[in-house]
1. For residues that are small (Gly, Ala, Ser) and assigned to a loop (DSSP other than H, G, I, E, B), scanning just the range 577-633, find the one that is nearest to residue 669 (Cα to Cα).
2. Please go through the range 208-228 and pick out each residue that is out of contact with any Lys or Arg (no Cβ under 9 Å at 6 or more places or on another chain), buried (at least 21 other Cβ atoms within 10 Å of the Cβ) and not small (Gly, Ala, Ser).
3. Residues 65, 60, 48: which one is in a helix (DSSP H, G or I), under 17 Å from residue 98 (Cα atoms), more than 25 Å from the chain's Cα centre (by Cα) and among the hydroxyl-bearing types (Ser, Thr, Tyr)?
4. Is it fair to say residue 573 is of a type outside the set (Asp, Glu), part of a strand (DSSP E or B), out of contact with any Pro (no Cβ under 6 Å at 6 or more places or on another chain) and outside the structural domain of residue 541 (by the TED database)?
5. Looking only at strands (runs of 3 or more DSSP E) that lie completely in the range 354-432, which have at least 1 residues being touching a Lys or Arg at 6+ places or on another chain (Cβ under 9 Å) and within 26 Å of residue 547 (Cβ to Cβ)?
6. Please name all residue pairs, on different chains or six or more residues apart, with Cβ atoms under 8 Å, provided the first residue is in the range 166-190 and is farther than 19 Å from residue 250 by Cβ and outside the structural domain of residue 9 (by the TED database) and the second residue is part of a strand (DSSP E or B) and not aromatic (Phe, Trp, Tyr).
7. Which of (1) more than 33 Å from the chain's Cα centre (by Cα); (2) among the aliphatic types (A, V, I, L, M); (3) surrounded by fewer than 16 Cβ atoms within 10 Å (Cβ to Cβ) does residue 674 not meet, given it meets every other one?
8. Is it true that residue 647 is among the aliphatic types (A, V, I, L, M), within 14 Å of residue 536 (Cβ to Cβ) and modelled with pLDDT of 80 or more?
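The values are calculated or read from the model by the stated rules, or taken from the named source; none is laboratory data. These figures come from a predicted structure and were not determined experimentally. All Cβ positions, even for glycine, are placed from backbone atoms using ideal geometry, and neighbour counts span all protein chains on display.
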Amino acid sequence: MDDNSQYRELFFEETDDHLENLNDAILELENYPERTDLVDSIFRSAHTLKGMAATMGYETMTKLTHRMENIFQLFKDGTLLVTADSISLILDCLDKLSAIVDDLRDEIETDMSSITDLLARLKELEITNTTSQQIDTPVDNATKKVAPMEVRFKELSETDKMLITQAAEKEFISLGIMIRLEADCMMKGARAYLLQNQLEQLGEIIHSEPGTDLIEAGDFETDFTLLFLTQDTPSKVNEVLQDNPDVEAIKIEVMTDDTLNDFIPSDDVALEELPQLMSPEISQPVTTKDNNKPDELPKATAKPAKGKAEHHQSHQSIKVDLGRLDSFMNLVSELVVYRTRLENLSKQYDATEIQDPLAHVGRITTELQELVLKIRMQQVSVVTNRFPRMVRDLSKDLGKEMELIIEGDETELDRTVVSELSEPLIHLIRNSADHGIESLERRRELGKPDVGTIKLTAYQQGNRVIITLSDDGKGLNPVLIAESARRKGLDVDGLTDKELLHIIFHPGFSTAQKVTNVSGRGVGMDVVHSKIESLGGTIELSSEIDKGTITTINLPLTLSIIQSLMVKVSGQTFALPLGVIEKVIAINEEEIVETFDQEIYMYRGKATPVIRLNDVLGISDRHKDIHPHLIMVLLGKKYFALLVDELIGQQEIVIKKLGNELKHLTKYLGATILGNGDIILILDSHMICNEGSVSVNG
């Protein structure tokens, strides 16, 4: 037990969760200051943060969270009003805590002087904004009730007894120490570890119940007992232990050779029947944080014998390292590929005797694949949770009133996609706030509400996830974009308004008349475009002057394994993801009608654009011996009909990225390896429909 490194990752995981929850709850409290449940939740999180920081020995973080906790206590008592200024101060403190945690990750201890200003502001808020009524401190005045404590050992061995005898000959004393942690201590194992560390500066622990492994794992209720050898007095030991957070009570008893002889029980003696070790005259009293005499309560239920703590199902989830999850996913992907190869070999050699076990292996593989895909999924809220705070800060910095509406943040995506989504969305929101939402005066001139609206929506569509970010601001002006593009030497003659809008994704392009600390330097939108493309997604813009702008991001649900429909076009095999396919129709080519420069097929009473895949993909003319089918694809609210020569069948495939050398092939999601070893391309239905069709009325 020479350091606390084994608890660092747990500390960081728990701290990140609490800081995120605090940010969300504080913003909610600003809008609903009357909600006492929010205040209670905030107070609990702050108290837990303080306890964890103290447990790890991080003094700067402990000091700041302690002072914040005082403010939250005043919120609870109703003696401090929730105002925009007090909320801003708390948010500044949370920012500082996040910075402190980042430093700690790099093993940098933040200096106490860095929080001096925040501590002073918090103290001033305490003094100047409370009501005139004097506030009592309940913790100091209340009598803490502590259940009776008895120092008991179930498993003292002859070796333990011999060590005690030898220690006494060298003027060591033997102490039985029972420590009770507070019931709401969040990191019992870490706290117990540090307490034992402190004791070992004064002597040696020769026995513990439950065992050391169980104690350090936090696998006990609230009490644990130590047999301790030291040359210091019991009072000195008590003083060292008392100066710790999360410790509710301590009892120390001096052990003697005679009492130990009487104490060591046989295995068939029940724990409840064990006698108390020491006589009252040589026992240290039970001590509590407030040094008040505890009330007598019914005896606590004893733990199971032999140091085995009872197990409770208190945790329903665990955090898994992403690298391990990726490795697991890769292995499952390989399993899918080889399962398909085995199925093909079974059919090729008519190996009927292995078809049943192979089918069973197939079912297990499918279930395993579905399970790992679910494990990899993560809600979009992981990214969007920070945005309300960001918009609040932008509103304050830019002097504009604005609100953020988030819908569908429970939508799930592959966690690899989610982890890369933050940067693009931050850029888009900042652009909407800075360039989109107008000043208050301009909005009033246009008859718009004083408060500008930025709306983020996410939803699943087949095997894709659609994320839209819209604002009700001034919109993008194609004329201004064209003028700015010409000044930069770009040829924009003949471009449509839609094509002009997409020039803003060009590196270094910006129409901002002045650079701000928010945006306007021409960096960001090209980064957004590149990032979305690297994730196998697309990004589209639509805008109307003085009405606003809508940015639509289209992303794959997963980057790994999908169900696909295998088709043939001009003799070549391709895979189409099943997620967006609604129906497959066998047709005669006479059913396809040409109108103007677009072929259409009447589907459900509406003219549906027909896209010949051989034309869009730029491959040779279709073979004469074909069985044409239309694959009906639904994108948004619009249908498209993809014409293929032949259907092969449905198959599960593993997506492999094409790599940087082939990233210009935008009509393909990637490639896959079939069971027979053939490599085929996977078509991107969205890109094909966007590039291969024109609008059709109806």
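1. First, the residues of the range 577-633 that are small (Gly, Ala, Ser): 579, 586, 605, 607, 618, 620.
Restricting the remaining residues to those that are assigned to a loop (DSSP other than H, G, I, E, B) gives 605, 618, 620.
On the way: 605: 32, 618: 17, 620: 21 Å.
Here the residue is 618.
2. Listed by number, the residues that qualify are 226, 227, 228.
3. Numbers: 65 fails: more than 25 Å from the chain's Cα centre (by Cα); 48 fails: more than 25 Å from the chain's Cα centre (by Cα).
So the residue among 65, 60, 48 that is in a helix (DSSP H, G or I), under 17 Å from residue 98 (Cα atoms), more than 25 Å from the chain's Cα centre (by Cα) and among the hydroxyl-bearing types (Ser, Thr, Tyr) is 60.
4. Working: of a type outside the set (Asp, Glu): yes; part of a strand (DSSP E or B): yes; out of contact with any Pro (no Cβ under 6 Å at 6 or more places or on another chain): yes; outside the structural domain of residue 541 (by the TED database): yes.
The answer is yes for residue 573.
5. Values: elements: 377-379, 402-407, 412-414.
The qualifying strands (runs of 3 or more DSSP E) are 402-407.
6. 167/173; 167/174; 167/229; 168/174; 172/203; 172/229; 172/230
7. (3)
8. On the way: among the aliphatic types (A, V, I, L, M): yes; within 14 Å of residue 536 (Cβ to Cβ): no; modelled with pLDDT of 80 or more: yes.
No; evaluated as a whole, the condition is false for this residue.
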